[in-house]
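**Q** One structure, as structure tokens, below. Some questions next.
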């Protein structure tokens with residue numbers, strides 16, 4: 001499967017490390033950069049998706065991030081991991097995109113409302129995960145809709161940390177570097193996001209235990 | 001790489017599981033296929049316009065340099081000798097205080113050097129005279145009267161020169177006159193001490 005081949009660096013058939021490919025790409029080897037794209041595309045896409053909320057927008061952001069990374073490849077010195085450097089670029093692009101989307105939605109949907117950014121995130125298009133298990137299908141759909149809606153109403157710092165941690169592609173250390181926040185702060189934000197969600201769900205009448 | 005072990009499994013309540021599931025559905029999505037191809041095509045497309053833009057900039061720079069060189073070449077040509085043209089002195093108009101005598105005396109400026117007879121477009125450089133003093137020579141002063149009774153005092157060396165054809169007549173501004181305001185006298189009859197009839 002192509003998906004399983006390109007998702008994680010360790011499963012790549014190529015023995016070259018990311019740093020080796022970066023050196024080749026810096027020397028002008030476009031195919032080497034293409035291999036880097038293949039290795040990191042899922043992590044980049046999911047980070048963008050955690051920020052902008054729309055798969056179509058996340059795909060566009062991912063493309064922009066890779067193009068920007070290729071242009072700035074000479075500035076990469078190898079002090080950090082290539083993936084972390086790439087995810088930082090991705091996150092900045094995604095934040096810019098989210099601001100423009102929110103501004104557009106604020107003007108188009110509800111020009112007079114202040115809290116439209118959170119609602120805009122909630123209104124974005126979603127694609128159901130193909131990995132949905134049989135157990136997931138029997139869960140109360142109303143609870144799921146409420147949880148999804150409430151995630152959209154979280155403060156952005158809590159929501160970003162929660163969704164990045166939920167991608168399954170990024171470690172807390174990487175999330176810390178992407179967000180520019182200390183590791184303990186990132187963990188607290190994830191925990192706080194969960195606590196706020198559970199509190200709101202309890203207020204809606206759902207049992208905590 | 002994956003932190004699923006710290007993400008799921010530690011939260012056992014139904015709400016925790018619901019949160020985990022919602023987050024998974026939101027972000028554990030695979031990218032659309034063909035991302036590598038799209039990225040490489042964008043890189044290729046980004047390279048090609050840059051070459052075209054470079055050529056355009058080169059053409060624009062060349063045209064700019066040619067234009068600057070042309071301007072410099074035309075400016076470095078020697079000018080014709082500068083000739084000074086006498087400037088006409090100003091005219092003074094002093095009207096008389098009464099309408100009958102308000103006849104302005106307009107002193108036209110002396111005739112200047114004849115201008116070019118025909119205005120036709122030519123490619124040759126026409127040396128233009130350099131204007132030195134637009135107010136005329138100090139000796140050609142203008143004396144004007146501002147009091148009534150003075151009809152016109154104009155001294156100018158060029159007073160006797162005839163008015164050239166097509167000259168614009170001078171603007172005549174009558175001076176303000178101060179006349180006393182006459183009001184009719186108010187006559188107040190003297191008061192009498194006689195008591196009114198039928199009084200107290």
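No lab work stands behind these numbers, since they all come straight from the coordinates. In this text, all values refer to a predicted model and were calculated from it rather than measured experimentally. Neighbour counts run over all protein chains shown; Cβ positions are idealised from the backbone, glycine included.
**Q** Hey, rough spin-label estimate for residue A:199 and residue A:142, points 7 angstrom out along Cα→Cβ, what's it come to in nanometres?
**A** Each label point is offset 7 Å from its Cα along the Cβ direction, giving 2.5 nm.
**Q** Ok, one more. Report the extension gain between residue B:17 and residue B:62 in nm, rounded to one decimal, defined as 0.36 nm multiplied by the number of residues separating them, less their alpha carbon distance.
**A** Length gained, residue B:17 through residue B:62: 9.4 nm.
**Q** Further, regarding this structure: Give me the inter-chain shielding for B:38-47: mean count of other chain Cβ atoms within 10 Å, whole number please.
**A** That average works out to 5.
**Q** Can you compute the FRET efficiency between residue A:157 and residue B:72 using 1/(1 + (r/R0)^6), with r the Cβ-Cβ distance and R0 = 51 Å? Round to the nearest 0.05.
**A** For R0 = 51 Å, the calculated efficiency reads 0.25.
**Q** Please compute the length gained on full extension between residue B:170 and residue B:41, using 0.36 nm multiplied by the number of residues separating them and subtracting their Cα-Cα distance.
**A** Gain in length upon complete extension: 38.6 nm.
**Q** Length gain on complete extension for the stretch residue B:133 to residue B:181, per 0.36 nm per residue less the alpha carbon to alpha carbon distance?
**A** Working it through step by step, the gained length comes to 12.6 nm.
**Q** Round to the nearest 0.05 the FRET efficiency obtained for residue A:26 and residue A:207 when R0 = 60 Å and r is the Cβ-Cβ distance.
**A** 0.60
**Q** At q = 0.13, 0.14, 0.26 Å⁻¹, what is the base-10 log of I(q)/I(0) for the stretch A:15-78 according to the Debye formula with one equal point scatterer per Cα and no solvent? Please give it to two decimals.
**A** Evaluating at q = 0.13, 0.14, 0.26 Å⁻¹ gives log10 I(q)/I(0) of -0.36, -0.41, -1.06.
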